1. Of all DSSP beta bridges in chain A, what percent run antiparallel (nearest 5)?
2. Using θ = phi - 60° and the Karplus curve 6.51 cos²θ - 1.76 cosθ + 1.60, what whole-Hz ³J(HN,Hα) does each residue of the range B:110-124 get, with Gly and Pro shown as x?
3. Which is the longest run of chain B containing none of the trypsin sites (Lys or Arg not before Pro) found in DSSP loop states (not H, G, I, E, B) with at most 16 other C-beta atoms within 10 Å?
4. Let me confirm one metric for peptide B:272-279, namely the mean number of other chain beta-carbon atoms within 10 Å of its residues' beta-carbons.
5. Against the empirical 2.2 N^0.38 Å scaling, what ratio does the C-alpha Rg of the protein assembly as shown come to?
6. Using a Gaussian network model on chain A with a 10 Å cutoff between Cα atoms, which of A:Y369, A:Y38, A:Y29 fluctuates the most?
7. How far is B:K311 from itself in the other copies, in nm, if each label sits 7 Å out from Cα along the Cα-Cβ line, shortest first?
8. Ignoring everything except DSSP H segments at least 4 long, calculate the 222 nm mean residue ellipticity for chain A; use -39,500 (n - 2.57) per segment, divide by total residues, nearest 500.
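Read-outs: derived from the displayed coordinates by stated rules, not from any lab. Everything numeric in this text was worked out from a predicted model, so none of it was measured. Quick reminder, even Gly has a Cβ in these numbers, built from the backbone with ideal geometry, and neighbours come from all protein chains shown.
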Protein chains: 2
Amino acid sequence: MNNFVFHNSTKVVFGKGTVGAIGDEIKNYGYKKVLFLYGGGSIKKNGVYDSVVDSLRRNSIEFVEVSGVKPNPVLSKVKEAIDVAKRENVEAILAVGGGSVIDSAKTIAAGFYYDGDIWDAFTGKYKVKKSLPIFVVLTISATGSEMNGGAVITNEDTKEKWSFWASTSFPKASIIDPTVQFSLPREQTVYGGVDAIVHVLEYYFDGSKGRKVMDRIMESIIKTIMEAIEILIDNPTNYEWRANLAWSATLALNGLTSVGSYGGDWSSHIIEHSLSALYDIAHGAGLAIVTPAWMRYVMNEDREKFERFAKEIFGKNNAEEGIEAFKGWLKKVGAPVSLKDVGISFEDVGKIAENAAIRSPFGKLKPLYKEDIIAILKLAFE
Amino acid sequence: MNNFVFHNSTKVVFGKGTVGAIGDEIKNYGYKKVLFLYGGGSIKKNGVYDSVVDSLRRNSIEFVEVSGVKPNPVLSKVKEAIDVAKRENVEAILAVGGGSVIDSAKTIAAGFYYDGDIWDAFTGKYKVKKSLPIFVVLTISATGSEMNGGAVITNEDTKEKWSFWASTSFPKASIIDPTVQFSLPREQTVYGGVDAIVHVLEYYFDGSKGRKVMDRIMESIIKTIMEAIEILIDNPTNYEWRANLAWSATLALNGLTSVGSYGGDWSSHIIEHSLSALYDIAHGAGLAIVTPAWMRYVMNEDREKFERFAKEIFGKNNAEEGIEAFKGWLKKVGAPVSLKDVGISFEDVGKIAENAAIRSPFGKLKPLYKEDIIAILKLAFE
């Protein structure tokens, strides 16, 4: 087990009927004016918007709304919101939504204190040292952004979907009310769960050794998410499974799964980010396509671990069968498993690889160069 | 899954050679003078004392030493240290030791800001609202106190071994260097592991339902601790297993296992605290005796869960066999499993039950009264 630092100061308030507590959490810190950020308006249909507004008013917290954050959130929207935050001189950001909204909030929170182009935080030119405090009401379990310091944003001009991480980006408090997710479209539940599973796999397959308790815990999270998705497809309002999916997705990327690792492999995520930057497909859908292809390409780097995965998760006897079973499961729950499934043609491989290769070599288990990325993308047509 | 709040702000610095970072952690907060608390002096033999002193000096942190904290730490020692802390006007407490030292540190930290008798925090007369900041170098994995807000202290006058919990008691930073534990006597490794297992069981068997991912994670922690103890008995310097035991013991009581529960049953702990308050036996030894007896007494309150335990942990088919297997395992690793093993006679049952019954009814799975405690203690002679 490698040395590690675990430090996660986010307060999670979890359960039925907790959305209305958001105002109290903000008031506990004494903030009186927030930027209220959300997406396409689904929160106005499912009652979350009203609960939040009511909670803010009850606690005498003034708010400025910025809506219209899209899936695969873009830099231009973030910049628009930074201007609003500065002009209105807000004291905190309230993100009500999923990973897109939360990641945008983290970027706005950092941009508030930075005079340059906040894209510098993504390229590494600027190391984020200060952020506005962030509060969250989560509406879809997937990215784990509600309990970590990471953010992923797409720069539309350069078609780069990149990330930054800062200790100042951890939300102060995140409300996770699983009942809010009862009304999610089936594919969003599936893609969210797939994203969370792949977060665990990034740490599971990064080549680190001797993480006995963590291997078991990671397998526990993966198995629970799979079971939850299978049940929620037919019973989207099953509270126990919504709750277990939600908490599992949070644990998948809150620092726990990283313990004792090399920090995760992240190849599947980086390659997928090029897919969704170029074609605007759902992140979880892209991961369902890329991850099994990546697994096949790298499995001989750590056959023992891939065999463990096969056995523990699917009761299979070898690495190949384990990966096939994973792919079969993804197909079963309705995720695309081939680039063909999302209308990408073989001729596009070069363009996608080009986009991802800007950051090569990447990957802990096997450092990937452009030719590796091309090979993986080719496997992703099967 | 019940609603819950998860909030744990302790920074854990974990791994080989991390003890020397303690001064840096304290300096990060700007503190310049600390009370340096430790126990019987084993840290002077294994090099931890020298590393800590060196790190403090390197960071120009002044320190006042108070040593001699005993296992089953007592109130009189805490009060002595509170006087020193006040007189010397320290800015923080540095606990170098196991649960006894850390729990004493938490009580001193709270007592620093309280004019009355700090025992009031244990009886509930005083709700702790403010504590000196606490820093930890852990030397034995057992209580989980390095990453939570709880403390257990024995009042020698009243023979009460009671606890308090406060959000202000979470250590700011805890150093966990598993190599420090290479030199622990065999029985301390075993008792520490047993304590951690029983922490998980308190949450596992509190009657709460629908905690799918948590059941799996709790089983992961229990299985890993068992495996670690079995190996460390013969190979005390096996780093991977020391590390896995250490991190598992921290996870056992850092809020994670509590997620979605009723807050834990705690009957085994409360009854054991009467044992160790009256007879000064090791806490882990007492738990090895009391817990299987408690399990037998309450198993019909949640047979389904006891059957799951039997199957998942021991591959057994029913609740009774699971409990017997657990008792057999405790015996195998050298823990006492009967009150006879620690020289307590049948005539003492009344006195022990009397001591525990002050706090009755307690227990979430089955609320226990004096007659229940007597029945459990009688089972603990088998």
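1. 25
2. Ordered by residue, 3J(HN,Hα) equals 6, x, 4, 9, 10, 7, x, 7, 5, 4, 4, 5, 7, 7, x Hz.
3. With a cap of 16 other Cβ atoms within 10 Å, the longest stretch comes to B:210-358.
4. Mean shielding count: 0.
5. That works out to 0.97 for the protein assembly as shown.
6. Between A:Y369, A:Y38, A:Y29, it is A:Y29 that shows the largest mean-square fluctuation.
7. 2.1
8. -15000 deg cm²/dmol, from helical runs alone.
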